Amino acid sequence: MIDPALTPFIMAFMAAISIGGIAYVFLYPVLSGEKRREKRIGAVRAPVRSQKAVKQDLADKDRTKKLQESLEQIEQRQKQRSKVSLSVRLRRAGLSISTKQFFIMSVMTGVVGFLLGLLAAANILIAVAFGFVFGLGAPRWFVGFAAKRRFKKFTLEFPNAIDVIVRSIKAGLPFADAVMIVAREAAEPVRSEFKEMVDSQTIGVPISDAAERMYQRVPLSEVNFFAITVTIQQQSGGNLAEALGNLSKVLRERKKMKAKIQAVSQEAKSSAMIIGALPFFVAGAVYLTSPDYLQPLFTEPMGNLLLGACAIWMFCGIMIMRKMINFDF
């Protein structure tokens, strides 16, 4: 039997041994110099880098710095050109008319809208509203609609044009000659845009600036990728065929992803269209079956107020659904 009086001393002795063992495990490599020896052995075993490898690293760092500077310059130029004039919008829409002709056509459509509103409602305020809608809203909406339709066609044909350029470069042709082939053989609107690029080169514009001008005319992310690739290759060098080949693959993958997103979201879009059109169909059916039931909404002030409030809430709901079913990619 251990004497109870010795128990505290035994516990203290065992604790001291434990602490000493732990300290020995952690401090021995430092005190004995094993870590310093391992570092020296590792330094001796490490392969000595040749002067050529050091120069290659410096060249890679210098090229990376130039690429970053080039990208910053491109971004700054694009921000400076963010404002788009009416002539550029007409060019994007593929319309071969001047701004003066566009304003004349807008005035003519505004006058037609004013006359239609005056004949339909016999109210000068409604006629003026029709004139503003037909004179200011409708022509600009048509320009935007035509531009979107043209951009869609351009997106479908653009990867094929890049593939033609890649195959031409691999066959030994210069980049300028490859662009000329696309300007002759590609489908519209890609052909006209590359023809504009060839014309710019003919008058002495650098190929990088000509590519950036294409992005100003066709403000798509695909064209921006192409302009950045060409600009970086012109400034820093590299395998242009490989870079454009990778760009073509990326564009085709984006196209597949876009189609997949549209297919997945089509059900939600159909549901939103049905929900948005349902109140109008129900109101029309009720008005045809029981005209007197909805008559107070059009004849009484409170009914007009309710119709206005319903229109506002309906507009808010449609905008929310539109935001939910539209995807940016």
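Since every read-out is calculated from the coordinates, none of them should be taken as a lab result. Values in this document were obtained by computation on a predicted structure and should not be read as measured data. Cβ coordinates were reconstructed from backbone atoms using ideal geometry, including for glycine residues, and neighbour counts include every protein chain displayed.
Between GLN235 and SER221, the distance separating the two model label sites (each 7 Å from Cα on the Cα→Cβ line) works out to 2.2 nm.
The simple spin-label model puts a point 7 Å past each Cα toward its Cβ; for MET302 and VAL111 those points are separated by 4.8 nm.
Cβ crowding within 10 Å, taken as a proxy for footprinting-reagent exposure, orders ILE165, ILE19, ILE325 from fewest neighbours to most as ILE19, ILE325, ILE165.
Any idea what % of Cα-Cα pairs in region 253-329 are farther than 17 Å? Intermediate results must be reported in sequence, preceding the final value.
Working: 1753 of 2926 pairs.
Looking at region 253-329, the distances longer than 17 Å represent 60 percent of pairs.
Can you count the Lys pairs in region 253-329 whose Cα atoms are under 19 Å apart, with each pair 8 or more apart or on different chains? Within region 253-329, the lysine pair count is 5. How much length is gained on full extension from GLN295 to ALA283, taking 0.36 nm per residue of separation minus their Cα-Cα distance? Taking 0.36 nm per residue and subtracting the Cα distance, the gain is 3.2 nm. Computed extension length for SER265-LYS100: 55.2 nm, one decimal, from 0.36 nm per residue of separation with the Cα-Cα distance subtracted. Please check which bits of region 158-200 a label hung off MET257 would reach, taking the label as a point 7 Å along Cα-to-C-beta and the cut-off as backbone N under 17 Å. Answer for region 158-200: 159. Were the residues from VAL84 through ALA122 laid out at 0.36 nm apart, the gain over their Cα-Cα distance would be 9.8 nm.
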